[in-house]
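To start, the structure itself, in structure tokens.
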Amino acid sequence: MSHEKTLPSAGTAAGNGETQGLSKRTLGVPALVFMIIAASAPLTVVAGGIPSNFAVTGNVGIPLSFIVLGVCLVLFAVGYAAMSAHIRNAGAFYAYIAQGIGRATGVGAAWVALISYNAMQIGIYGLFGFASASFVNAKLGLNVPWWVTALVGFVIVGWLGINKVDLSAKIIGILVGLEFVAVIVFDVVAFAVSPEGVSGAGLAPSNLFTAGVGAALAFSMAAFMGFESAAIYSEEAKDPARSIARATYIAVGIISLFYAFSGWAMTIGTGPGKIIAESQKFGPDLLFVFLSGHGEVIVSDIAQVLFITSLLAALIAFHNAVARYVFSLGRESVLPRGFARVNARHAPVAGSLTQSALALVMLAVFAVAGIGSSLGELYPVLTFFTWLTNTAAFGLVLLLVLISVAVIGYFRKHAAGYSLWTRLVAPALATLSLGAVFVLIVVNFNVLIGTEGFSPLSVILPALVVVPGVAGLFWGLRLKRDRPEIYRGIGFGGASDTSD
């Protein structure tokens with residue numbers, strides 16, 4: 001029997017003698033959509049991201065930016081969705097790039113994805129800890145530090161991570177549904193108030209495409225992070241050949257239109273002439289201050305609670321994504337095979353515990369580093385959250401560009417049944433548009449992390465993504481030279497492809 005046939009299949013938990021893998025036929029399209037949208041964190045974006053974008057860029061056209069980026073991501077989704085019908089691997093980006101560009105590049109992409117998803121998930125603990133501690137302290141008159149409430153969230157996320165994925169999906173579905181209700185209430189009240197009347201200023205191209213458009217698009221792009229995550233659950237989807245594509249298209253459409261409409265509502269409710277100044281004054285509190293001023297305090301309190309649960313849902317979604325990347329790399333022996341271990345609930349327990357351990361270490365580091373900080377209560381937001389999540393956005397957009405190139409490479413070999421639009425035109429347009437967004441992120445990175453002028457952090461943080469990616473590329477080439485049997489299985493769920 002050849003060595004290739006002894007490699008674990010896509011559903012095998014390698015390295016511990018078990019033959020069970022991830023849950024099969026568990027997640028339908030609605031569950032996948034909720035998982036995607038949870039990672040995007042709707043209430044977090046509307047309450048935190050949009051006012052911050054207004055405040056930093058001074059650009060009134062922020063709502064339109066979501067439509068522009070939505071078009072770019074629909075172009076991306078054309079080829080991405082087509083590939084999802086062929087590739088079912090919890091490593092998602094890793095597998096797509098390995099099969100479309102090359103296995104060694106796929107390994108490099110895997111490290112970029114691991115760093116980026118971890119940075120996004122762990123960084124959110126900073127905002128979660130700040131928001132939850134602030135709320136508890138204000139309502140109960142306590143003085144609980146941010147890291148204590150962050151640890152509570154950490155325990156919940158870690159427990160769900162080692163349970164069946166459908167449990168996480170059900171909880172996320174409820175939380176995301178409540179988020180939408182809260183934002184819709186805000187939108188309705190905003191249009192009812194409209195102190196300057198209903199104006200199209202927020203959707204006018206002349207307001208978006210100004211000197212600050214680069215920073216505006218870079219900021220808004222972070223709101224979409226996680227939209228690509230349906231493919232991570234391809235091995236657990238009920239109908240992966242169709243459900244991954246459907247979930248991705250639905251999620252991109254909902255996210256872009258919902259954010260555009262809610263951002264527009266914010267300009268209407270505050271007034272286009274005041275939105276920049278009010279955002280700079282209140283920041284992420286703008287939505288809650290608005291609800292308190294135009295409704296009952298209880299409405300604002302409920303919205304703040306849902307803001308906290310929105311962050312919790314995002315933590316759960318990104319934790320699951322990281323755990324599955326680790327599982328996939330362990331299964332294919334790119335990482336030690338012990339990382340592919342699953343438990344009796346078909347959860348990638350080794351990957352989940354690894355992610356939890358890393359998050360705990362980073363929580364401890366920032367908690368200690370923040371003692372006596374001059375930033376005061378905002379310390380976890382201005383450092384922990386801002387630094388890590390923008391680093392993640394940098395890495396994930398880089399991966400989107402590589403995926404777009406990979407689609408073209410993949411369909412050069414698997415062109416049958418696909419139009420020129422799917423195989424070449426749409427992914428080429430996606431490569432160009434997302435490449436432009438990536439350049440904007442690089443150019444405006446100091447703005448994104450809240451520094452003026454050049455800062456060493458604007459080099460160090462992107463390097464945390466790029467350097468491991470380059471190291472992964474060389475590791476892949478070493479596997480090709482020294483362990484060709486493992487190299488042939490990279491990106492194929494542990495089962496070797498017969499092509500070179």
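Taking every alpha-carbon pair in region 221-266 and binning the separations at 5 Å intervals from zero gives 5, 22, 25, 20, 12, 10, 5, 2 percent.
Let me have the relative contact order for the chain, percent, based on Cα pairs under 8 Å that are six or more residues apart.
Values: 923 pairs, mean separation 175.3, N = 500.
Computed over the chain, the figure is 35 percent.
Sort 396-405, 106-115, 184-193 by packing, meaning the average of other beta carbons within 10 Å per residue, with the highest value first. Let's see the in-between values first.
Working: 396-405: 23.9, 106-115: 27.4, 184-193: 16.6.
For the peptides 396-405, 106-115, 184-193, the packing ranking is 106-115, 396-405, 184-193.
Calculated accessible area for the chain comes out at 37 Å² per residue, all protein chains present (probe 1.4 Å; ligands, DNA, RNA ignored).
With a 1.4 Å probe and all protein chains left in place, how much of the accessible area of region 183-223 comes from carbon and sulfur atoms, in whole percent? Could you put the intermediate results ahead of the total?
Details: 1180 of 1690 Å².
It is 70 percent, rounded to a whole number.
For the chain, hydrophobic long helices are taken as DSSP H runs at least 20 Å long by C-alpha position along their axis with mean Kyte-Doolittle hydropathy of 0.5 or more; these are 62-84, 103-140, 146-161, 165-193, 240-270, 297-331, 349-369, 386-413, 426-443, 457-482. Evaluated at q = 0.25 Å⁻¹, a Debye calculation over the C-alpha positions of region 278-333 (equal weights, vacuum) places log10 I(q)/I(0) at -0.93. The value given for region 95-202 is a Kirkwood hydrodynamic radius of 18.1 Å, derived from the mean inverse Cα-Cα separation. Computed over Cα pairs, the Kirkwood radius of region 346-447 leads via Stokes-Einstein (1.306 mPa s, 10 °C) to a diffusion coefficient of 93 µm² per second. Here region 396-490 was treated as a single set of alpha-carbon atoms; its pair distances binned every 5 Å from 0 give 3, 11, 14, 14, 16, 15, 13, 8, 4, 1, 0 percent.
Does region 378-426 come out rounded, prolate or oblate, given a ≥ b ≥ c as the square roots of the eigenvalues of its C-alpha gyration tensor, rounded meaning a/c under 1.5 and, failing that, prolate meaning a/b above b/c?
On the way: a/c = 6.26, a/b = 4.65, b/c = 1.35.
Here region 378-426 falls in the prolate category.
Think of each Lys and Arg Cβ as +1 and each Asp and Glu Cβ as -1; about the Cα centre, that makes the dipole of region 192-335 roughly 260 debye.
In terms of packing, defined here as the mean over residues of other Cβ atoms within 10 angstrom, the peptides 450-463, 352-365, 122-135 line up highest first as 122-135, 352-365, 450-463. Residues whose amide H comes within less than 5 Å of that of Ala237, counting only those at least five positions distant or on another chain, are Arg25, Thr26, Leu27 (H built at 1.01 Å from N in the peptide plane). Taking the protein heavy atoms of region 407-498 in the context of the full set of protein chains, the accessible area attributed to carbon and sulfur is 68 percent at 1.4 Å. Here the chain is treated with +1 on each Lys and Arg Cβ and -1 on each Asp and Glu Cβ, and its dipole about the Cα centre works out to around 1480 debye. Provide the net charge surrounding Thr44, with neighbours chosen by a C-beta distance below 14 Å and charges set as Lys +1, Arg +1, Asp -1, Glu -1. Once all neighbours under 14 Å are counted, the net charge is -2.
If the viscosity is 1.567 mPa s and the temperature 4 °C, what translational diffusion coefficient in µm²/s does Stokes-Einstein give for region 204-362 when Rh comes from Kirkwood over Cα pairs? Each step should come with its number before you reach the end.
Working: Rh = 19.1 Å.
Answer, rounded: 68 µm²/s.
Percent of Cα-Cα pairs more than 41 Å apart in the chain, please. Result: 16 percent of Cα pairs exceed 41 Å. Once the convex hull of all Cα atoms in region 86-132 is built, its volume per residue stands at 70 Å³.
The values are calculated or read from the model by the stated rules, or taken from the named source; none is laboratory data. These numbers come from a predicted model, not from an experiment. Cβ sites come from the backbone with ideal geometry, for glycine too, and all protein chains shown count toward neighbours. The area values use the complete protein model at the heavy-atom level, side chains included, leaving out ligands, DNA and RNA. Shrake-Rupley method; radii C 1.70, N 1.55, O 1.52, S 1.80 Å.
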